[in-house]
Amino acid sequence: MALLIYTDGACRGNPGPGGWAWFEPLSRAHDSGGELVTTNQRMELMAVLQALRSHAGDVLIRSDSTYVVNCFRQAWWKKWESNGYRNSKGEPVANSDLWQPLIDQVVRAGRRVTFEWVKGHSTDPNNNEVDLLAQEAARELRQSGSG
């Protein structure tokens, strides 16, 4: 049975201070962090990457990021790898410095990682919880002015 983990990223300005978080509802374990100048997409990626680095075994990631979910559900990563991390326009894939280690965690770590999309800011209390954690990480970073 896969471990269920919710992930989310937040940004106060885009770019701006950003936060990422993961939340595991069964044990209520969580972690978060952030960067002073970043984007929402980078924080979404970082949330999943940190969740997978923190948990061994099979994992089910629930995310409100279609950017993350669709990459794996639609196997965008396969084309990126075959094109040397260039997109269909021949441009470098945005955030490849995070995509590459994330793809390794999902595809090559010897475990099963699956993704489900969940509507953000809706009725899923676990998604709302991880959103609050990511928002708080971004807020704390903005207030401290460091990262």
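The values are calculated or read from the model by the stated rules, or taken from the named source; none is laboratory data. In this text the structure is predicted, and so the values were computed from the model without any measurement. Please note: Cβ atoms are built from the backbone with ideal geometry, for glycine as well, and neighbour counts cover all protein chains shown.
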TODO: Go through (1) more than 15 Å from the chain's Cα centre (by Cα); (2) modelled with pLDDT of 95 or more; (3) more than 24 Å from LEU141 (Cα to Cα) one by one and return the number of the condition ARG73 breaks.
DONE: (1)
Task: Scope the stretch 1-58; condition among the β-branched types (Val, Ile, Thr) and under 19 Å from PRO125 (Cα atoms); matching residues - done: ILE5, THR7, VAL48
- [ ] Could you tell me which residue of the stretch 95-120 is farthest from GLY19 (Cα to Cα), considering only residues that are in a loop (DSSP other than H, G, I, E, B) and touching a helix residue (DSSP H, G or I) at 6+ places or on another chain (Cβ under 7 Å)?
- [x] VAL118
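Yes/no matrix, rows are residues, columns are (1) more than 23 Å from GLN100 (Cβ to Cβ); (2) of a type in the set (Asp, Glu); (3) surrounded by fewer than 22 Cβ atoms within 10 Å (Cβ to Cβ):
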| residue | (1), (2), (3) |
| --- | --- |
| GLY16 | yes, no, yes |
| GLY33 | no, no, yes |
| MET43 | no, no, no |
| VAL48 | no, no, no |
| SER54 | no, no, yes |
Task: Matching residues, the stretch 113-131, being in contact (Cβ under 8 Å) with a residue 60 or more places away in the chain and either farther than 16 Å from LEU60 by Cβ or among the small types (Gly, Ala, Ser) (or both) - done: GLY120, GLU129, ASP131
- [ ] Give the stretch 68-97 a look and list any residue that's closer than 20 Å to VAL113 by Cβ and among the charged types (D, E, K, R), or say none.
- [x] ARG73, LYS78, LYS79, GLU81, ASP97
TODO: Considering only the stretch 59-68, state which residues are closer than 18 Å to PRO101 by Cβ and under 12 Å from the mean Cα position of the chain (by Cα).
DONE: ILE61, SER63, SER65, TYR67, VAL68
Task: Scan of the stretch 97-147 for residues that are within 15 Å of the chain's Cα centre (by Cα), surrounded by fewer than 16 Cβ atoms within 10 Å (Cβ to Cβ) and within 17 Å of PRO15 (Cβ to Cβ), ordered by number - done: ASP97
Task: So LYS89, is it outside any strand (DSSP E or B), out of contact with any Ser or Thr (no Cβ under 6 Å at 6 or more places or on another chain), exposed (fewer than 13 other Cβ atoms within 10 Å of the Cβ) and basic (Lys, Arg) - done: yes
